[in-house]
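Okay, structure first, notes after.
The values are calculated or read from the model by the stated rules, or taken from the named source; none is laboratory data. Please read all numbers here as calculations on a predicted model, not as lab measurements. Reconstructed Cβ throughout: ideal geometry from the backbone, glycine too, with neighbour counts over all protein chains shown.
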Amino acid sequence: MATYSNPELISATAACDMSSYQYHCISIDTDGKVGLVSASYGGKWNGILWNDPDTAGLEATIAVRGDAKVAASATSAITIGAMLAANTTGKAYPATAGTDETFGFALEALASGSGIIRVYIMGLNDPS
């Protein structure tokens with residue numbers, strides 16, 4: 001059974017009902033509101049949603065550094081140590097070197113499909 005240490009956390013306001021997105025990758029928009037990683041929320045990874053606010057305006061707790069959990073999706077295996085990036089559904093996937101913005105690396109493997117894995121969050125690394 002994996003154990004998780006306490007990641008560094010910050011808080012911001014949920015832009016919408018995020019009760020189905022605990023452990024998903026999020027962005028914070030220019031108004032300081034939290035949504036899934038997408039162009040409408042700044043398009044950049046800002047952290048992992050640590051709680052599950054069920055109404056817009058509630059506090060969203062966000063993991064930004066350290067040992068954490070993340071929702072992941074992989075068409076091919078995520079191996080331990082693989083660098084991770086966030087897709088537009090807020091899930092982590094194995095990053096393509098030199099192309100994807102990475103935020104951390106896998107501490108658990110995922111053979112394929114979707115699941116929750118352990119990750120070490122290092123912060124955003126923009127390859128451009």
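Could you pull out every one of the strands (runs of 3 or more DSSP E) wholly within the stretch 1-93 that has 1 or more residues that are out of contact with any Gly (no Cβ under 7 Å at 6 or more places or on another chain), among the hydroxyl-bearing types (S, T, Y) and closer than 21 Å to L107 by Cα?
By residue number, 59-74.
Conditions tested, residue by residue: (1) buried (at least 21 other Cβ atoms within 10 Å of the Cβ); (2) of a type in the set (A, V, I, L, M, F, W, C).
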{"site": "S19", "(1), (2)": "no, no"}
{"site": "N46", "(1), (2)": "yes, no"}
{"site": "P53", "(1), (2)": "yes, no"}
{"site": "A56", "(1), (2)": "no, yes"}
{"site": "S76", "(1), (2)": "no, no"}
{"site": "T102", "(1), (2)": "yes, no"}
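Quick check on this structure: which one of T61, T75, T79, T99 is β-branched (V, I, T), modelled with pLDDT of 95 or more and farther than 21 Å from S20 by Cα?
Just a single option satisfies the conditions, and that option is T79.
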